[in-house]
Amino acid sequence: MHIVVCTKHTPDSEAKMSVDDVGNVSWGESPLIINPWDEYAVEEALTLRDEHGGKVTVISMGPEEALEALKHAVAMGCDEAIRIWDDACASSDTLATSYVLAKAIESMEDVDLILFGKSAIDAETWQTAGAVAHRLGYPSLMYTINIAALDADGKSIVVERLLEEGRQEVSSSLPAVVGTTKGINEPRYTSFIGIRKAAKMEYPLQTLDDIGAEVDKVGAAGSGVRWPQVFAPPAREGEAEIIEAETVEETVSILVEKLLAEKVI
């Protein structure tokens, strides 16, 4: 069974984004790490591999900084890692990114399952996984909280999707694209042996020519979204008043009177 995990490098989740007066976005000195949501996809892929056999290949579209995400996935236990990049890929939105990832997956042999994290913490579009599924013509199983059954030989899968209305069980043929979400598992920590393996691993670079992608469908040329202006939202202004009283009951009474006076209630 061949499982592919698509991942991305992102700033640390604790980083604070800032935008200067001319629209330059900065994450400060935040280190680049594997997108935290992708760790759930990697963990699920490794669990399925251990149960059904086969291999896990992790791929990422990005410059050299993307190696941080790939190395982390290998340290967790992935068997292979591939980086896809060409200077023409710069400024790709989710439309162009999904095209590159789909072409990369098409160039592989015998892919049974493609896993994604639910989103990337820097952009939060939630679009790339579904777009890749559409381009490949595969079933799209997003918001998956549990893979209930998988028949590698029979090429079928049953998943539970976590929706606002509750859980939905869905069956599908393979290959399919599964978008994982928090709660599907508990990602493992990287081990010392895994970190050493990641440090020694070779990370082949595939260009657009290698995957058969067209230059005019990537980067700004292949993107459907433009950012003519980027600016920080205005700072919120307001005053806070601390209510001081002897008892909780008195505090509540004063609060209610003030809310009534402001016609909030």
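General remarks:
Every residue, every condition in (1) surrounded by fewer than 19 Cβ atoms within 10 Å (Cβ to Cβ); (2) of a type in the set (D, E, K, R), yes or no:
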| site | (1), (2) |
| --- | --- |
| 62 | no, no |
| 81 | no, no |
| 90 | yes, no |
| 97 | no, no |
| 115 | no, no |
| 129 | no, no |
| 142 | no, no |
| 153 | yes, yes |
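- Residues that are touching a helix residue (DSSP H, G or I) at 6+ places or on another chain (Cβ under 7 Å), part of a loop (DSSP other than H, G, I, E, B) and closer than 28 Å to residue 131 by Cβ within the range 206-265 comprise 212, 213, 218, 219, 222, 223, 224, listed in sequence order.
- Residue that is farthest from residue 168 (Cα to Cα) [pool: residues in the range 127-143 that are free of Cβ contacts under 8 Å to residues at least 60 places away in the same chain and touching a Gly at 6+ places or on another chain (Cβ under 6 Å)]: 140
- Filter result for residue 218 (over 21 Å from residue 93 (Cα atoms), surrounded by 18 or more Cβ atoms within 10 Å (Cβ to Cβ) and at pLDDT 95 or above): no
- Boolean, residue 44 is touching a strand residue (DSSP E or B) at 6+ places or on another chain (Cβ under 6 Å), more than 23 Å from residue 218 (Cβ to Cβ) and of a type outside the set (S, T, N, Q): yes
- From the list 110, 122, the lone residue that is surrounded by fewer than 21 Cβ atoms within 10 Å (Cβ to Cβ), in contact with a strand residue (DSSP E or B) (Cβ under 6 Å, 6 or more places away or on another chain), touching a residue at least 40 places away in the same chain (Cβ under 8 Å) and over 26 Å from residue 189 (Cβ atoms) is 110.
The values are calculated or read from the model by the stated rules, or taken from the named source; none is laboratory data. Since this is a predicted model, take the numbers as computed values, not measurements. Every residue, glycine among them, receives a Cβ derived from its backbone with ideal geometry; neighbour counts consider all protein chains shown.
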